[in-house]
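The numbers here are math on the coordinates, done by the rules we state, and not lab data. Fair warning: this is a prediction, and the values are worked out from it, not measured in the lab. Here the Cβ positions follow ideal geometry from the backbone for every residue, glycine too, while neighbour counts run over all protein chains shown.
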Amino acid sequence: MNTIVLMMITFWGILAVFAWRLRAGIGFLGDVVAGMTGFMLGKALGPGATILEGRSGTASSAWINHGMIWLFLGASITFVDLWLGHSPNALHSLQSWSWDLTGDAAYTPSVMATFGGMIMLLIGCSLHIVPRMSDKALANETNAGLMAMMFTVGILLFILGSQVTHDIGNLMAFGGYALSALSTVAIIANLLLSIREQTTGLQAPQWFIIIGLIGYFVSQITFVLMGKDAAPHTLWISEQLHIGMFLCVIFGVVYYAIPSTTGIPIPSRSLVALTLVGTVFTVSPMTYDPAMLTFLDLTWFPLNHGVTAGASFPPCGAEVNCTSSLIITTLMALSIPVMFMFSTNVLTAVRRSGAIFEDTALTLIALGAFMLPIMAIASLFTTLDAMSGSNELAAAISSIRLGAVWTAIIPLALGGTLAILPDVSGKELESQASGVKAVWFLGLGAVGAFMVNMMSDFAEISFAEAGLEEGVSSTAAELEPIASILFYGVVLGVLFLAQNVVRGTRSHDSGPEFSILGPSRYVISGTTTVRDLLTAGVTLDTVLSTEDDNDDQVGPTVLSEEE
Amino acid sequence: MEDDTGFGLLDYMRSDEEPALGRMAIAMGFIILLIFLVLYDVLYPGHGFPVVSDVVPLLSGVMDSSIWFFILGIMVGFFSLVASVLVKAVEE
C-alpha cells in the first residue's frame, strides 16, 4: 500500500482506538494503570513532589505565566530573525562573545520560543478546562506545576543548544525538545486521570483538547512507524498533522472560553462537532515552510542520518505516485471548510456578545477567527505549489507561515487564554482599555508585516519571471526593513498584554462566579435550547435570567462599563 | 473604576504616592539636564563630555546597526516584565 495512505490510516486508526477506549474504558486494567500513573506523577518524584504547595489552580496559572513570557521572547526573536533576513550581519559584533548570530541563526530559536510559549498557554488552559468540565479537581496539581518548570527548562535548553555549533549543541537542543515533550506526556496523564471519574460523557472542548494533545504524539509515533526509508515522504505530513492537532487544542479552548466569558453559548453545536471531526480527518496546509528543516534536524537529531535530508513534498509522478498527491491535496483542501466552520461559529458568538473592541480576549479571538480562513487559503496555495513541484510561490512561503502564526494561530490561543484567565487565577486584567490597545499593536503589526512581506515577495517573483534580477534586490531591500519594523508592533503588543496579565488585580475575593460545578449565574439572550445551555456549562444549580434582568455581574455589560 | 493612563515612561517612574507635582519635577529635571549640557558645550567648546565621550565610541564599535535600538527596547520590556513578576510574587 502507498506509504502516505498507510500513514494516514495508521494515524486515524490509533486515534480512533484511543477515542473508543476513552469512552468505553479499559476494564479492570484501568485501576492498575490509574494507580501506577498516579504513583508516577506523585510519590515517584520523591522530594520533588513537595517543592510546590499544590493549591488548586496554581499549575494552570504557572503554565500561562510561563507561556506569556515565552511568547514575548518568541515575538522578539522572530523580530530579530526578520531583521537578519535583510541585514544578515547586523549583529556581527556578538562574535566577540563567540556568538555567531548572523544569517538565519535566529530562525530555529524563534520557532521554538513561539510555539513553546503557545503550547504552554494551551496546556495552562487545558489544566483548567478539562477538570472543570469533568466536575473533578486536577489529579496532581503539584506535578503539573513542576512540569511547567520542566517545559521552560526544555525550551531554554533547546534555544541554547541551537546556538552552539557542533554535535554537543545539537544534543542539547534535542535534550531540551525531549524534556518538553516528556513534561507534556505527564500533563496528558494528569488530565486523563482527572477525567477518569467523570460521570457524564466528555464534552466537546474536552474532546478537542485531549484528541489534540494525544494526536500530536500519535503523529510522531506514526512517522517513526513508517520507517526511515519513507521519512522524506512522511516528514512533512507528520509536521502538518502537528499543526492540525495544535489547531484542535486551540479550537477546544476557544469553544470553552467564549461561553464562559460572555455567558452566550456557541451558536451551532453541529458545527462544533463537524469542526472536531474535520480537524482530525483533514491535513492542515498552514505553516508549511521548507526552512523548518533546520528545526526538524534538531528535533529528530538521533535519527537525522537520512531522515530530514531531502525531505520534501515530492511532486506527483516523480518519487510518489499520483494517488498520494491527490489524497493529500484533497485532505488539505477539505481543511478549508473546517476553518470556515470554526470562524463562522466563533465570530457569530463574539458578535452576539457585543463586547468586541471592549474586551481584550474577545477582540483577540475575533482577530484570529477572522484571519484563520484567509491564512488557511493562502497557505493552501503555497503548500500545493510546493507539492506540485512548480515552486512559483516559493518566495512567499515564509511570509505566509509568519502571517498564519501571528495573525491567526497566536491571537486565537492568546485570546482563549486571556478569556479564561480570571476564572483560572481569580485575577482580572489590569486594564481592558490598555489590553485592547495592545491588541491593536499586535494586530496591525502582524497584518502590516505580513502585507509588506508579501509585497516584497511578489515583487521578487515578478522580477524573477521578467528576468530582472538586478531590480529584485533594491525593491526587496526597501520593503523588508519596513516589514521588520512593523513586526516590532507585535513585540510591543505581546509585551503590553503580558504586563497586563502579570499586573492583574484580584477581583474575585468574594469567590469566583464560576464554581467548579459551572457558572453560578447565566444570562439567556433570545431563544435557546437546553442543549445549548448544557454546552455553555450550565448546571442544575445555575440561576438563569433573561437579558432584561441583566445586572453588572455577567457578560458584556461588565466590560462596557469599564470604559 | 481604575485610572488607566497607559504605558508611558513617566507612569513607570512615578510611584502610587507621588506628590501632585511629581510629573512636573521630572520634566524640570530633564530640562535642567539639557540646559547643563548646552552650558557645558558653550563653556568648554570642543571638549567631549566627561565619561559619556569615553563610552560612546566604545558603543559605536559594537552597536553599529539600528537593530540595537529595537533590542534595547526589547531588553527594557523584558526586564520590566520580570520586575513586575517579582513584585507581584513578593506582594502575594
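Centroid-to-centroid, using Cα positions, segment A:396-435 and segment A:449-466 are 29 Å apart.
The simple spin-label model puts a point 7 Å past each Cα toward its Cβ; for B:Val82 and A:Ser545 those points are separated by 4.7 nm. Each label was represented as a point 7 Å from its Cα along the Cα-to-Cβ direction; for A:Glu197 and A:Leu326 these points are 5.4 nm apart. Here r is the Cβ-Cβ distance between A:Arg269 and A:Trp440 and R0 is 25 Å; the resulting FRET efficiency, rounded to 0.05, is 0.15. By other beta-carbon atoms within 10 Å, ranking A:Asp81, A:Asp297 with the fewest at the front produces A:Asp297, A:Asp81. State which stretch of chain A is the longest one without any exposed trypsin sites (Lys or Arg not before Pro), exposure meaning a DSSP loop state and at most 13 other Cβ atoms within 10 Å. Here the longest segment lacking exposed loop sites spans A:229-563.
Label point 7 Å out from B:Ser65 along Cα-to-Cβ: which residues of segment A:88-112 have amide N under 16 Å? Answer for segment A:88-112: A:88-110.
The angle separating the long axis of helix A:360-388 from the principal Cα axis of greatest extent in chain A is about 40 degrees.
Look at the stretch A:490-497: the mean tally of other chain Cβ atoms within 10 Å of its residues' Cβ atoms is 3.
Model label points for A:Ile168 and A:Thr102, set 7 angstrom from Cα along the Cα-to-Cβ axis, are 2.3 nm apart.
Here the calculated FRET efficiency for A:Ala333 and B:Phe49, from their Cβ-Cβ distance with R0 = 51 Å, stands at 0.20, rounded to the nearest 0.05. Distant-in-sequence amide contacts of A:Val283, defined by a placed amide H-H separation under 5 Å and a gap of 5 or more residues or a different chain, comprise A:Met332, A:Ser335. If one takes the longest principal axis of the Cα atoms in chain A, at what angle in degrees, from 0 to 90 and to the nearest 10, does the Cα axis of helix A:410-425 lie? Tilt of helix A:410-425: around 30 degrees.
Work out, step by step, the length gained on full extension between B:Leu39 and B:Met75: first 0.36 nm times the residue separation, then minus their alpha carbon distance; give nm to one decimal. Before the final figure, lay out the partial values.
On the way: separation 36, 0.36 × 36 = 12.96 nm, distance 3.27 nm.
Gain on stretching B:Leu39 to B:Met75: 9.7 nm.
Relative to the longest principal axis of the Cα atoms of chain A, helix A:3-24 runs at roughly 10 degrees.
Taking the number of other C-beta atoms within 10 Å as the exposure measure, put A:His242, A:His128, A:His92, B:His47 in order starting with the fewest.
On the way: A:His242 19, A:His128 26, A:His92 15, B:His47 10.
By the 10 Å Cβ count, ascending, the order reads B:His47, A:His92, A:His242, A:His128.
Annotation: extensible slack from B:Ala89 through B:Val56 equals 8.1 nm (criterion: 0.36 nm per residue apart, minus Cα-Cα distance). FRET efficiency for the pair A:Lys43 and A:Val153, taken as 1/(1 + (r/R0)^6) with r the Cβ-Cβ distance and R0 = 25 Å, rounds to 0.65.
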